[in-house]
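Here is the structure we will look at, set down as structure tokens.
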Amino acid sequence: MATFKAIVIDKTPAGQTVGLVDFDERNLMEGDVTVRVEWSTLNYKDGLALTGKAPVVRRFPMIAGIDLAGTVESSACPGWKAGDKVVLNGWGLGETHLGGYAQKARVKGDWLVRLPATMSAREAMAIGTAGYTAMLAVMALERAGIAPARGPIIVTGAAGGVGSVAVALLAKLGYAVIASTGRPAEAAYLKGLGAAEVIERKELTGPARPLGKERWAGGIDAVGSTTLANVLSMTRYGGAVAACGLAGGMDLPTSVAPFILRGVSLIGIDSVMCPLALRQEAWRRLATDLDRTKIAAMTAEIGLADVIEAGTRIGAGAVRGRIVVKIG
Ligand code: NDP
């Protein structure tokens with residue numbers, strides 16, 4: 001019997017269990033490409049799945065992990081052959097399809113993106129879903145006509161994964177970045193990533209006025225709730241805000257005023273079911289528009305056995321930057 005190491009979440013009458021186990025290869029799900037997973041990563045959603053705080057997992061037993069990077073071992077998909085280096089983000093990995101915290105994965109070839117030639121599998125996972133989502137958000141702002149000359153961009157949840165990569169990306173592209181954080185002690189870290197200004201999270205957590213002082217041309221919001229409502233109410237005329245997270249809550253207590261009186265756009269970002277062409281564009285851009293020395297400096301490395309404990313920390317908002325998981 002061939003087995004491999006995996007972090008498996010299961011459901012018992014007593015509640016959720018999670019552990020590092022030897023997984024029988026015969027229990028892998030259907031797919032036309034088998035990947036030797038070399039690196040994975042820890043995202044907010046992985047924390048929710050590992051702790052069972054939210055119903056992320058919809059099939060049991062489930063191998064956790066919404067991301068993977070590695071090498072194709074075998075393929076029945078015309079686009080892929082053994083030896084190809086690949087990245088996979090989302091598509092239900094770790095939710096409905098066995099995920100990335102495992103030495104092996106069997107997946108659909110249509111879900112895979114080729115690893116950019118200049119990027120290692122570890123670098124791709126240091127970026128991970130968090131960083132790829134930050135890139136999707138930047139691309140969405142660009143499509144809405146936002147450019148550095150239009151004014152500053154606010155990033156909320158700035159010291160987290162999506163936020164940190166968004167700050168680094170925007171700074172390299174020439175934007176003046178205002179980083180909002182609940183951890184003022186991370187101000188030097190955020191300035192090191194390229195933030196021009198750091199503001200305290202509490203400035204944006206009270207109830208939002210319909211319209212506030214026009215402070216920024218756009219925003220990337222990882223927090224939701226009253227934070228997003230305040231970001232919208234302080235967005236300049238014709239600006240745009242990309243909403244990608246709910247770290248502060250799923251509600252959105254706003255009014256139509258920013259939309260109908262200032263022509264502000266609110267753009268939704270989804271990384272999970274994002275079409276392939278947009279993913280490929282995002283990974284191309286990540287290879288060129290991101291200062292990877294900054295990503296390396298904000299990335300901590302753990303092994304498969306450490307994933308469960310780290311999942312608890314990210315759920316508590318206590319992780320700075322990114323965490324990569326060494327699998328191979
Ligand atoms: P992290 O935990 O790394 O970052 C979240 C950050 O949000 C924290 O570091 C903290 O930043 C801030 N935060 C945490 N709790 C609160 C709170 N109660 N109120 C206000 N701010 C808070 O997670 P990720 O960066 O991986 O993910 C961020 C969000 O984006 C999550 O909600 C996640 O689900 C979502 N997401 C969505 C995706 C999509 O496809 N739409 C893809 C990836 C992520 P600070 O300390 O600086 O204030």
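No value in this document is a laboratory result; all are computed from the given coordinates. No experiment lies behind these values; they were computed from the predicted model shown. With ideal geometry, Cβ positions are generated from the backbone for all residues, glycine too; neighbour counts draw on all protein chains shown.
Taking the DSSP bridge list for segment 129-268 and keeping only pairs wholly inside it, about 0 percent are antiparallel. Amide H to amide H distances under 5 Å link Met234 with Gly212, where only residues 5 or more positions off or on other chains count and H is placed in the peptide plane.
Straight-line reach only, C-alpha to C-alpha below 19 angstrom: list the aspartates and glutamates that Lys213 could link to, leaving out same-chain residues fewer than 8 apart. Within the straight-line cut-off, Lys213 pairs with Glu197, Glu200, Glu203, Asp221. With R₀ set to 41 Å, the beta-carbon distance separating Asp306 from Glu214 gives a calculated FRET efficiency near 0.35.
Of all lysines in the structure, those lying under 16 Å Cα to Cα from Lys294, and not within fewer than 8 positions of it along the same chain, are Lys172, Lys191. Neighbours of Ala217, meaning other residues whose beta-carbon lies under 11 angstrom from its beta-carbon, give a summed charge of +2 when Lys and Arg score +1 and Asp and Glu score -1. Near the amide H of Leu266, within less than 5 Å, lie the amide hydrogens of Val241, all on another chain or at least 5 residues away, with H placed in the peptide plane.
Near Phe23, the amide H atoms lying under 5 Å from its own belong to Phe4, Lys5, Ala6; only residues 5 or more places off or on other chains count, and H is placed 1.01 Å from N.
Divided by 2.2 N^0.38 Å, where N counts the residues, the Cα radius of gyration of the chain comes to 0.99. What the Cβ-Cβ distance of Ala147 and Arg26 gives, at R0 = 56 Å and to the nearest 0.05, is a FRET efficiency of 0.60. Taking the centroid of alpha carbons for each part, segment 128-155 and segment 231-274 are 13 Å apart. Using the Cβ-Cβ distance between Asp110 and Ala82 with R0 set to 22 Å, the FRET efficiency works out to roughly 0.75.
The value obtained for segment 129-268, namely the Cα convex hull volume divided by the number of residues, is 86 Å³ per residue.
Please tell me the relative contact order of the chain in percent, rounded to the nearest whole number, where contacts are Cα pairs under 8 Å and at least six residues apart. Worked out over the chain, it gives 19 percent. Note on Tyr237 and Glu200: their simple-model spin labels are 3.3 nm apart, each label 7 Å out from Cα toward Cβ. For segment 129-268, what relative contact order do you get, as a whole percent, if you take Cα pairs closer than 8 Å and at least 6 residues apart? Computed value for segment 129-268: 23 percent relative contact order. Taking the average, over residues, of other Cβ atoms within 10 Å as the packing measure, peptides 270-280, 152-162 rank 152-162, 270-280 from highest down. For Thr17 and Met273, the difference between the fully extended length at 0.36 nm per residue and the C-alpha to C-alpha distance is 89.4 nm. Note on Lys81: lysines with a C-alpha under 23 Å away, same-chain residues under 8 apart excluded, are Lys104, Lys108. Counted over the chain, the DSSP beta bridges are approximately 55% antiparallel. Length gained on full extension, Thr71 to Arg284: 74.8 nm, using 0.36 nm per residue less the C-alpha separation. So what is the relative contact order for segment 238-297, in percent, with contacts set as C-alpha pairs under 8 Å and at least six apart? Relative CO of segment 238-297 lands at 40 percent.
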